[in-house]
Amino acid sequence: MVDLESEVPPLPPRYRFRDLLLGDQGWQNDDRVQVEFYMNENTFKERLKLFFIKNQRSSLRIRLFNFSLKLLSCLLYIIRVLLENPSQGNEWSHIFWVNRSLPLWGLQVSVALISLFETILLGYLSYKGNIWEQILRIPFILEIINAVPFIISIFWPSLRNLFVPVFLNCWLAKHALENMINDLHRAIQRTQSAMFNQVLILISTLLCLIFTCICGIQHLERIGKKLNLFDSLYFCIVTFSTVGFGDVTPETWSSKLFVVAMICVALVVLPIQFEQLAYLWMERQKSGGNYSRHRAQTEKHVVLCVSSLKIDLLMDFLNEFYAHPRLQDYYVVILCPTEMDVQVRRVLQIPMWSQRVIYLQGSALKDQDLLRAKMDDAEACFILSSRCEVDRTSSDHQTILRAWAVKDFAPNCPLYVQILKPENKFHIKFADHVVCEEEFKYAMLALNCICPATSTLITLLVHTSRGQEGQQSPEQWQKMYGRCSGNEVYHIVLEESTFFAEYEGKSFTYASFHAHKKFGVCLIGVRREDNKNILLNPGPRYIMNATDICFYINITKEENSAFKNQDQQKKSNVSRSFYHGPSRLPVHSIIASMGTVAIDLQDTSCRSTSGPTLSLPTEGSREIRRPSIAPVLEVADTSSIQTCDLLSDQSEDETTPDEEVSSNLEYAKGYPPYSPYIGSSPTFCHLLHEKVPFCCLRLDKSCQHNYYEDAKAYGFKNKLIIVAAETAGNGLYNFIVPLRAYYRPKKELNPIVLLLDNPLDDLLRCGVTFAANMVVVDKESTMSAEEDYMADAKTIVNVQTLFRLFSSLSIITELTHPANMRFMQFRAKDCYSLALSKLEKKEREKGSNLAFMFRLPFAAGRVFSISMLDTLLYQSFVKDYMISITRLLLGLDTTPGSGFLCSMKITEDDLWIRTYARLYQKLCSSTGDVPIGIYRTESQKLTTSESQISISVEEWEDTKDSKEQGHHRSNHRNSTSSDQSDHPLLRRKSMQWARRLSRKGPKHSGKTAEKITQQRLNLYRRSERQELAELVNNRMKHLGLSTAGYDEMNDHQSTLSYILINPSPDTRLELNDVVYLIRPDPLAYLPNSEPSRKNSICNTTGQDSREETQL
């Protein structure tokens, strides 16, 4: 055991203090071979350098000790001045000799020895071969001046009272402080702030100048006014501040010369310091600085990560984010790699935003920048893609990397990510909320074809508004439209709700109808407490529980509502109804003011039987009395619920046996066998029994299976839906699936034509003349425009061309920028459009987030911008259910038991229902549908514009005959040219052509001249519309297409359309109103036995009930 202990080798030399002086001697007698690393550190000089310079912590301690010594020397100088008695006389000897006590001299000598030894040692360690470089340094010279005289006085006692300018040690203290700050940042492993260092240098320089001037003036005035330190301080402050009272002035020439020298030094040194500080301040303003840790821990903030920040994106985010009252105390930290835009900088200087928005220039891929933004303390992080780039896939890749970087740095920070391409969505499945642009875009475009203006409906639902837009407008439709646009989706627990608490244990449709009847709110969905899935209109068999979360549409949420009984309203005798119109129903008033809604409650007590009632007529009196509406049952009756068999078609009863057999052979219902991208939700839809060969998908080219080369030859029974896109991307899957959903009748399935380029010939071949809708998708190649708003230029001009050529065609357009919607169906001299433009400007000045909502194309659902759905991602921070509800409405997700969005049209046979409340009851009692809004089309008297004038040939001839009676034919040219001002649509080229023909007239015979004159008159008489019609007809004839389906295309701009979301119960129904419905899932109500085909969910007669319904 002892032998083993004797064999233990000693510690290596680097760990023993004695080897620091003696060197490596302990290993000389050892037989083993030792390999030493870092041999350059074994010398005595290198070890000293490591201790005094290289090691951060030891170097910091030494520099702190040096800084303390310099301050101590300055303090000893002040003590010497204060203890000294002012001497009498003005001899120059008072300048060179002072009174210094022995203890004070001893302290100053000790400080001088230590300082000089440290200076020489550091100079030796930092020596690099040039000794003059070390000697001529200013700190070394100052050290010699302040220390050497004291050391000499040790050996020469008569020099103990020699004046030494010890106050110059303040500059050495400043130098030591700068080095100490650098070592401090190195020791704590943090990046030093250039702004902090520059401010520290400026302050220390200013203090050193003032202290040097104070001590110098005081000493030089020993032979003058004999100023004390306080008087010298007063003089320096007055002088450097350029005030100059003149009550204290230097008397001797030496002190005056010193003041001049100090002012010159200040004029040179201080401007340089201020310039560097101003430069760093400007650079910091560009980069944004840091978000302090203290603020991050005491205040709430969110981080917005973007690749490039535009003013529209910023204002949309800020307006939507701060529209919610509980977010007013939040801060927004913007992290962007580019420099702040001029417009963005101007907006962020507004006091409303400058106090709450912080801009940081940096990258989300750098942990240093994420630390600056305090990402780990953020409440949420929004990562937005740049849709203005030509390569959207590359933009998605950048977004994915940002999401990964944030998740790696702050795993607990909630992520709200916007992605462009659906095939890239699975890379960010870990994010809390994801919005895929192409998924939502194509789904809305598809639903626009079957449910008009679905894009406008969704846009209005996801925008925060109080419904005050258009209230000052003189037109009634703008007031109604603006008022209903304030409806949003809210949630509340049933047992905590005044709206729905009384419906516990009752069916969903019963709760939805009576809540709308009593409070004017529209219950659209629920969610169980133990389930994450939201169910839209689960149907009459769903029983409400106390812990259910109810989702409803209303002007504001219930928490901000005040309730007032109907009896109190009658006492006030004040009518607060907004929707004016004849109605026998009680008026439901909804008054919005400062975020609070006062809702008048209807008296639900039983009325007298003598009041107006609607009862179901008997068979004998069916022609005399109008049909009645069955009541909505509290608990669903299985026998009265009308269902449909999923495996059968809703319209099979209307088909002939031959059509039914052919239909069953052609289509089958099931799930698509292939998914175009990872993460797509499987949807039950109509499928073909056999896969169609790829060659048959080319509509304009024949193949061995068919010989058709145009859409007309296929003989489609239903009108086409044409999609004009640049490429056939994976997003088109979300366009096709809603149009082939299982709940759509087979006879209503429209053929879909994908048009990758849209010249006139291809448009005519693909059947544009008999298409139901044409969808124009925004093209990625247009994103390369130098000006941002010019990205839509190509799309707008192409759509305008289509509108002029095929004005009766329903065109649905997607734009990049919402501001460009004003150019859709543009008419320069349309007074009504100009009035709407003025209204939009007024609403924007009032701070509305929906100023563009009154544009006719947007209100009618003919145009939308996907950027308007950015608010969906922002709103999900407060309403985490909004993305799920929107996906269910658009059919992107299918949850078992959840309903779907569809529509029905009000015909003349349905007008007996009269009001929206009765329609609500009719739908809830018969099919279980829940209506959520109305799409209304009204006639409009537009001012006649240039494009709407069509000159009648007979009227023109009569006018010309009456005007030209008695004139010679030679004056006909002048008369017609004068009439051109009366008819501005006569085209200039046609006039020039006619004039050439008239000049050639005398050269021909009489019949030829008469023929040319008639041709000339026909050219005059043609309107622009006739020229366009002739152009299209000629092209169709040239392509061998039949012109039977092409009409003269009269303009249908005499109508306007708009949406009423959750209108008042007493709103009158009008002919051709389209009602948006959330229909229950037929899969949830498959009957045990095969029902009759007549009992479909579309049947709304409700003839099984015989009870009287009081309304």
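Tabulated data
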quantity	calculated
Size of segment 413-495 as Cα extents on the principal axes (Å, biggest first)	51, 39, 25
Stretchable slack from Lys701 to Leu207, in nm (0.36 nm times residue separation minus alpha-carbon distance)	169.1 nm
Heavy-atom accessible surface of segment 825-944: percent carbon and sulfur, 1.4 Å	52 percent
Estimated inter-spin distance, Ile78 and Lys225, nm [label 7 Å along Cα→Cβ]	2.2 nm
Accessible surface of segment 93-157, 1.4 Å probe, proportion on carbon and sulfur as whole %	78 percent
Surface accessible to a 1.4 Å probe, per residue, for the residues of segment 380-529, Å²	29 Å²
With every protein chain in place, segment 466-511: carbon and sulfur % of accessible area (1.4 Å)	40 percent
Per-peptide average of other Cβ atoms within 10 Å, ordering 730-736, 44-50 highest first	730-736, 44-50
Under-5 Å amide H pairs with Ser865, H placed in peptide plane, nonlocal only	Leu815
Spacing of the two label points (7 Å from each Cα toward its C-beta) at Glu634 and Leu48, in nm	10.0 nm
Sites Ile145 and Thr249 - FRET efficiency at Förster radius 25 Å, r taken between beta-carbons, to 0.05	0.30
Environment charge of Arg765, counting only residues whose C-beta is closer than 14 Å and scoring Lys/Arg +1, Asp/Glu -1	-1
FRET efficiency for Met282 and Lys841, using Cβ-Cβ distance with R0 set to 41 Å, rounded to 0.05	0.70
Net length gained if the chain between Tyr789 and Ser354 were fully extended (0.36 nm per residue, minus Cα distance)	153.9 nm
Ratio Rg/Rh, restricted to segment 700-764 and using Cα atoms, in which Rh is the Kirkwood radius	0.98
Segment 758-899 shape via C-alpha gyration tensor axes, a/c threshold 1.5	oblate
FRET efficiency, Ser939 to Asp880 (Cβ-Cβ, R0 45 Å, nearest 0.05)	0.55
Distance in nm between pseudo-label sites at Gln297 and Ser681 (7 Å out along the Cβ direction from Cα)	4.3 nm
Potential extension, Leu1071-Phe96 segment - 0.36 nm per residue separation minus Cα distance	339.9 nm
Violating pairs (Cα-Cα greater than 20 angstrom) within the set Lys717/Lys746; Lys746/Lys922; Lys54/Lys128; Lys669/Lys691; Lys557/Lys905	Lys746/Lys922; Lys557/Lys905
Cα gyration tensor shape for segment 459-567, rounded if a/c is under 1.5, else prolate or oblate	prolate
Positive minus negative residues near Gln328 (Lys, Arg vs Asp, Glu; Cβ under 13 Å)	+1
Volume in Å³ per residue [convex hull over Cα atoms, computed for segment 294-444]	120 Å³
Accessible surface, per residue, of segment 787-863 when the full set of protein chains is kept, probe 1.4 Å, Å²	42 Å²
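The values are calculated or read from the model by the stated rules, or taken from the named source; none is laboratory data. Just so you know, these numbers come straight off a predicted model, no measurement behind them. Please note: Cβ atoms are built from the backbone with ideal geometry, for glycine as well, and neighbour counts cover all protein chains shown. Quick note on the areas: whole protein, heavy atoms, side chains included, nothing else; ligands and nucleic acids left out. Shrake-Rupley method; radii C 1.70, N 1.55, O 1.52, S 1.80 Å.
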